[in-house]
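The values are calculated or read from the model by the stated rules, or taken from the named source; none is laboratory data. This one's a predicted model, so the numbers in the text were calculated from it and none came from an experiment. Heads up, the Cβs are rebuilt from the backbone with ideal geometry, glycines too, and the neighbour counts pull from every protein chain shown. Just so you know, the surface numbers come from the protein's heavy atoms only, side chains and all, with ligands and any DNA or RNA stripped out. Shrake-Rupley method; radii C 1.70, N 1.55, O 1.52, S 1.80 Å.
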Amino acid sequence: MVALVTALLVYFGWRRTAEMAERFGADASIFGLSSQDYVLRSVDIVLLPAVALLLLALLGLWAHGRLVTRPRTARRVVAVLRFSWLVPLVVGVPQLVWREPVGVFWLPFWFAIAVFGTWYAQALGARIHGRTQAMPLVAVVVLTALAAVAMFWMTERVAWAVGGARAEDIKDDVDRTLAAVTLYSDQRLDLAGADLTESVLADAEAAHRFRYDGLFLLDQSGGKHFLLTGDWSPGHGRLIVLPDNSSVRLEFGPGR
């Protein structure tokens with residue numbers, strides 16, 4: 001069980017990182033993150049669905065307690081929920097056909113409504129009609145598997161959305177979101193451009209003579225520095241990867 005949970009956390013952390021990297025025109029593999037790094041990056045992803053699930057469970061218990069004391073209302077609820085399986089077909093599929101971006105995010109939630117709605121309709125219907133016969137084991141196994149898939153799929157979509165939103169927040173306001181960096185190198189890196197300035201120190205004996213201003217630190221992992229330029233308007237912006245060794249020096253702060 002521990003191995004399974006760890007594997008899921010690693011996957012969700014990777015999914016978030018992969019989406020962030022894609023928004024900056026890169027691949028998650030360049031970050032060289034370890035399994036522990038991915039687990040740490042999955043914490044805020046898992047917390048949100050976990051809290052939402054617990055709140056929905058409390059709400060469901062309260063609603064169930066009221067329904068079982070009101071047979072007429074319960075029958076109406078069962079009549080509606082028995083058609084829950086139509087939700088992803090009626091709502092989700094058209095969104096995919098019309099290629100609405102929001103549909104890609106919400107499809108697993110429509111699927112979850114279909115699974116849990118159908119399951120609860122079966123259980124509540126048996127309760128209000130006084131049926132004591134248990135649901136067939138095959139049906140329980142299938143519904144449990146579908147519920148697990150729904151939970152996994154929803155969490156994966158949350159990881160995707162969080163990674164994309166984080167990247168867009170950074171791109172919209174790099175200088176306020178990330179730490180400013182002055183880069184010094186022992187050799188010319190040919191990075192100068194409209195978004196990055198290069199200057200050469202007058203001291204010929206300096207270990208790092210080439211200075212670059214206009215960079216911001218995105219991450220440091222896998223023995224590499226990942227730096228962003230400040231302008232990420234359409235058609236602009238660069239992600240720069242440098243080795244974390246003595247050939248470069250980073251200074252943090254507003255610059256001089």
Only Lys, Arg (+1) and Asp, Glu (-1) charged, at Cβ; the chain dipole about Cα centre in debye: 2220
If N is the number of residues in segment 1-172, what value comes out of its Cα radius of gyration divided by 2.2 N^0.38 Å? 1.25
Shape verdict for segment 210-256, please, from the Cα gyration tensor: rounded (a/c under 1.5), prolate (a/b greater than b/c) or oblate. oblate
Percent of all Cα-Cα pairs per 5 Å bin for segment 177-252, counting from 0 up to the last occupied bin, reads 3, 16, 27, 26, 16, 8, 2, 1, 0
Cα pair count fraction exceeding 20 Å, expressed as % - segment 126-220: 66
Quick one: check the C-alpha center-to-center distance for segment 71-98 versus segment 179-211, whole angstrom. 61
If Lys and Arg each add +1 and Asp and Glu each add -1, what is the summed charge of the other residues whose beta carbon sits under 9 Å from the beta carbon of Arg166? -1
Rolling a 1.4 angstrom probe over the protein heavy atoms, how many square angstrom per residue are accessible across the chain? 59
Counting only protein heavy atoms and a 1.4 Å probe, tell me what percentage of the chain's accessible area is made up of carbon and sulfur. 65
